[in-house]
Amino acid sequence: MFRYTRATLVIEIVTIIAAIVMLLPFWILLVTAFKTGDQVLKSSAFALPGQPTLQNFVTLLSPASSSSGNIFAGLGTSLLITGGTILCLIALGSITAYVLSRTTRKWGNRTYYLFLIAIILPTQLGTLPLYIGARNLGLVGNPIGMILIYSGQLLPLSVFLYTGFFRRLPREYEEAATIDGANRLQVFARVVFPLMSPATGTVAILAGLICWNDFFTALIFLNGTEWQTLPVVMYNYVGSLVSQWNLIFAVVIVSMIPILAFYVFAQKRFIQGYAGGLKS
Amino acid sequence: MTATQGRVPAAVAAEPAPARGRRTGPARVAYGYWWWCIPAVLLTGTTIYVTTVSGAFFAFTNWSGIGSFDFIGIDNFVRIFRTPELLGSLTNTLGLAIGYLVFSNVIGILFALALNRTLKTRYILRTLIFMPVVLSPIAVSFVWKFIFAFDGPLNQTLGAVGLKGLQQDWLASPALALGCVLTVMVWQNIGFVMVTYLAGLATVPPELEEAAALDGAGTWRRFRSITLPMIQPSIAIATTLSLIQGLRVFDQVAALTGGGPDNATQTLASEIYQQTFTYQQFGFGAAMALMLSALILIFTIAQQRVTRDRTEIGA
């Protein structure tokens, strides 16, 4: 059964056509970014640029232009905040999940439920008081404040993913290390930590994407400050361009490149991260 | 069937026996200290629990974000239901969320069924269809804004196939702008839904379908009676997450229409942002946020009831 028949071929062709239609926006994005403003108005949106030009990217990124400073700063801020948050989530999420999944006491389970409920709880309601609190502590418009906020909001997800992993991890490794005389910190750092890299990968990819692409929180906490993340920079920059699609698409491509490059190299892990992360 | 049965004892054997370790070990095995949990509990406690509770508190006040405030009971909520613009944002949000759930799940499951096995191009197509998921909604929305523009590709295509009469400024039409926002949202979610269903489909043993086919069950019958019940956990996850994301929609609205034309695409999240940060009405914004949160909770719980399965999710 399930051999490759003529019907399968028909399904394959239909699916490929559907996928091509679905991916057309990428094609439009790509060809438009290499056209001049004049060509965008005159040629079909699907047509290849007559003479591909890099002018849009030069306008955008050359040190002389007014936008390049903002874009590179946004890139740097996004990297800093996303990286800091991922490190925080790995460090705090793993040790918390480890203790919660290994303890046999009641408080362990109760604390775990605290994190589980926090995943379902909608964040909208807390955003306003969080803003007031952060403002009073001087954490608005500040990358460290942003890392703390993202970490706090994403730790439940991190703890949940790590707990699923540790519950499946046999305890024999730790028992052996303890017999060999390792203390608790050594058991975790030398034995458990190297074993947990699959879970760490899932946490880093899921939480990293949420952070990197987040617009709502970044807009509220960072808009108008010197620490704007890339989505906020892009939003403001596009707002200042009136329908200059060739330039807009150049910004959009610049903002997509880091993620897409990462995706091409690790697409299996991305997809598994989403599917496996939800299952565990 | 033998394949599945063979797998169970192996899994049980790999499962550690916690009691045995404690009995045979010479000392108590050290599994970390309880205080390792403190930083995470504090961070999550303050950023999620404390803020949510105080948000609910401010929903019953007229606080402007600075200075003193008064308790005004349920006045904020009365005002929400007396303002046509806000009621409009409520219906927009519900419409978007339900449309998002239905369309992304139907298209997503079709792609998942097509790309589950046999197709030669299935791996590359999965990768490509999933690609929009990883991108920022803001960036994606800008691309679509051009597609919907008056001199954009959509109108060009309509003109080329002889449907010039349908050409219009899509995002400027109050009747159509909401549909445009929905299209962009669905487009970006299809890959995620597909992957969720593919994970579910991978658990359906081909032998089972084969046996049913030998017994004379057609494609539709096999899908209804075997595949659908077995991917129940995936359905629960994909629909619940779609519904939650749909109710929270903000980015696409901000980038595509800014809530316009004439508030035709305002959603609860975009109104919350406007009332709170543009008009400085913290109490009123909090009341709307409380309403949105209540909606999300109610829908999530209802959803779990409807799609609940006899087997534990991810067991």
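Brief remarks on what is shown
- Residues (under 30 Å from A:P198 (Cα atoms) and aromatic (F, W, Y)) located in the stretch A:239-273: A:F262, A:Y263, A:F265, A:F270
- Filtering the stretch A:153-182 to residues that are more than 10 Å from chain B (Cβ to nearest Cβ) and in a loop (DSSP other than H, G, I, E, B) leaves only A:D180.
- Where B:D262 falls short, out of the listed (1) surrounded by fewer than 18 Cβ atoms within 10 Å (Cβ to Cβ); (2) over 30 Å from B:T203 (Cβ atoms); (3) under 22 Å from the mean Cα position of the chain (by Cα): (3)
- Selection count, the stretch A:78-114, where residues are under 14 Å from the mean Cα position of the chain (by Cα) and surrounded by 15 or more Cβ atoms within 10 Å (Cβ to Cβ): 9
- Taking the stretch A:1-109 and the helices (runs of 4 or more DSSP H) fully enclosed by it, the elements with 1 or more residues that are closer than 22 Å to B:V140 by Cβ and either modelled with pLDDT of 85 or more or away from every other protein chain (no Cβ under 12 Å) (or both) are at A:6-33, A:55-61, A:68-102.
- Lone unmet requirement of (1) more than 10 Å from chain A (Cβ to nearest Cβ); (2) modelled with pLDDT of 90 or more for B:K164: (2)
- Taken over the stretch B:118-141, the criterion of being facing another protein chain (nearest Cβ under 7 Å) and among the polar types (S, T, N, Q) is satisfied by B:T118, B:T121, B:T127, B:S136.
- If you go through the stretch A:260-277 and keep only what is facing another protein chain (nearest Cβ under 9 Å), surrounded by fewer than 19 Cβ atoms within 10 Å (Cβ to Cβ) and at pLDDT 85 or above, you end up with A:L260, A:F262, A:V264.
- From A:T5, A:T77, residue being among the polar types (S, T, N, Q) and touching a residue at least 24 places away in the same chain (Cβ under 8 Å): A:T77
This table checks each residue for (1) within 30 Å of B:I237 (Cα to Cα); (2) touching a Phe, Trp or Tyr at 6+ places or on another chain (Cβ under 8 Å); (3) of a type in the set (S, T, Y).
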{"site": "A:N236", "(1), (2), (3)": "no, no, no"}
{"site": "A:S240", "(1), (2), (3)": "no, no, yes"}
{"site": "A:Q244", "(1), (2), (3)": "no, no, no"}
{"site": "A:F249", "(1), (2), (3)": "no, yes, no"}
{"site": "A:L260", "(1), (2), (3)": "yes, no, no"}
{"site": "A:A266", "(1), (2), (3)": "yes, no, no"}
{"site": "A:R269", "(1), (2), (3)": "yes, no, no"}
{"site": "A:G273", "(1), (2), (3)": "yes, no, no"}
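- Pair list, Cβ under 6 Å, 6 or more apart: the stretch B:261-274 residue touching a residue at least 40 places away in the same chain (Cβ under 8 Å), other residue of a type in the set (F, W, Y): B:A269/B:F250; B:S270/B:F250
- Residue ID - nearest to the chain's Cα centre (by Cα), chosen from residues in the stretch A:115-131 that are among the aliphatic types (A, V, I, L, M) and more than 7 Å from chain B (Cβ to nearest Cβ): A:I119
- Residue among B:L115, B:L171 that is in contact with a Lys or Arg (Cβ under 9 Å, 6 or more places away or on another chain) and either over 27 Å from B:V195 (Cβ atoms) or of a type in the set (K, R) (or both): B:L171
- Some residue of the stretch B:214-225 being in contact (Cβ under 8 Å) with a residue 24 or more places away in the chain, buried (at least 21 other Cβ atoms within 10 Å of the Cβ) and not in a loop (DSSP other than H, G, I, E, B): no
- Per this entry, A:I120 is counted among residues that are under 25 Å from A:Q272 (Cα atoms) and surrounded by fewer than 20 Cβ atoms within 10 Å (Cβ to Cβ).
- Look at (1) over 24 Å from A:M22 (Cβ atoms); (2) buried (at least 19 other Cβ atoms within 10 Å of the Cβ); (3) touching a helix residue (DSSP H, G or I) at 6+ places or on another chain (Cβ under 6 Å) and you find that B:P233 fails only one, number (3).
- Looking only at the stretch A:208-236, residues that are without any contact (Cβ under 8 Å) to a residue 24 or more places away in the chain, in a loop (DSSP other than H, G, I, E, B) and within 18 Å of B:L256 (Cα to Cα) come to 1 in all.
The values are calculated or read from the model by the stated rules, or taken from the named source; none is laboratory data. Quantities reported herein were computed from a predicted structural model and do not represent experimental measurements. Here the Cβ is made from the backbone with ideal geometry for all residues, glycine too, and neighbour counts use every protein chain on show.
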